[in-house]
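Let me begin by presenting the structure, written as structure tokens, before commenting on it.
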Amino acid sequence: MSYEQIRLDRHEGIAMLTLHRPDRMNAFTTQMMQEIVAALDECDADDAVRAVIFTGSGEKAYCAGADLGEGAATFDYDKRTDKMATLPDGMPASPVAEDGTIDWSHPLIRDSGGRVSMRIFDAKKPVLGAINGAAVGIGATMTLSMDARLASDTARYGFVFARRGIVPEAASSWFLPRLVGIQTAVDWCFSGRLIPAAEAHEKGLVQSVHTPGELIDAAIAKAHEMTADSAPVSVALTRHMLWRMLGAPHPMSAHRWDSRAIFARGRSPDAAEGVTSFLEKRAPHFTASVAKDYPWFEEFEETPPYR
């Protein structure tokens, strides 16, 4: 697939997804959202891709937030022609009826940034962010469902929503407190101040800080470290288990998932290869395919009969 507002490059098992609107500081649009989702679909279906790294074009910004080209109507979604163009045929152009009632199930209600965050959440490959400059608004919140964030020492985060008269989006009210704690989350979101890379690192939002010239190499090295010696299907399943258990009400939920997952994986050729390669003191050669051998994940949603 060809893309206009992102770039997708592959090299040695790593997909580099670059937000590419350098003339607009990579500002987020409906089209960019659609292209990101399509690119992640493409990466999940490609077993040659072991991990995905997000970064931004240019030196100033990773993503400066939503494109404000619509002016005062930027966040008034039922006035946005670009969003209306995504509606299914026959769908009313606005969720607001003539009497003022709102159809909360209407597609225009759904937050575009949240579509990206949730698609990253559902990814079957590790997703990392190489935050090379300003990450503001959706530029900040889309990174929260990634597995690691590495930042340039010139990067700045900004959860500026209250300053724009709106609220945090992209499921950040769920992700951000889990990453940095509620006290830091409310400080950053209430004030909307810009957060330097050093503070983001200190509070646990980013894993490491690098000079601009070292950032991409560091992100690639981290992606290889995460995936080089691990079974791809095991990484995909582990990713989903860890993220979902952040919201589990009881450790029994984890026990149920763990039991099904270890049983399913234990019967796979990957498990035999993992043990055999260890005993033979050689690198493993895992053969299971994320694209083809991962359909049983949905079966884990059922509650097993034990308590």
Pairs returned, first residue in the stretch 29-51 that is farther than 19 Å from GLY13 by Cα, second residue that is in a helix (DSSP H, G or I) and β-branched (Val, Ile, Thr), beta-carbon separation under 8 angstrom, 6 or more apart or interchain, are MET33/VAL116; VAL37/VAL116
Note on the stretch 10-28: residues surrounded by fewer than 21 Cβ atoms within 10 Å (Cβ to Cβ) and over 18 Å from MET146 (Cβ atoms) are ARG10, HIS11, GLU12, HIS20, PRO22, ASP23, ARG24
The condition from (1) in a loop (DSSP other than H, G, I, E, B); (2) of a type in the set (Ser, Thr, Tyr); (3) modelled with pLDDT of 95 or more that SER117 misses is numbered (1)
Here the residues within the stretch 22-46 that are within 19 Å of the chain's Cα centre (by Cα) and not hydrophobic (A, V, I, L, M, F, W, C) are ASN26, THR29, THR30, GLN31, GLN34, GLU35, ASP41, GLU42, ASP44, ASP46
Being in contact (Cβ under 8 Å) with a residue 60 or more places away in the chain and either exposed (fewer than 14 other Cβ atoms within 10 Å of the Cβ) or within 30 Å of ALA130 (Cα to Cα) (or both) narrows ALA219, ALA272 down to just ALA219
* Would a scan of the stretch 146-153 turn up a residue that is modelled with pLDDT under 90, surrounded by fewer than 22 Cβ atoms within 10 Å (Cβ to Cβ) and farther than 23 Å from GLY192 by Cα? -> no
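The values are calculated or read from the model by the stated rules, or taken from the named source; none is laboratory data. If you're wondering where the values come from, they're calculated on a predicted model, not measured in any experiment. Ideal geometry is used to build each Cβ from the backbone, glycine not excepted, and the neighbour counts take in all protein chains shown.
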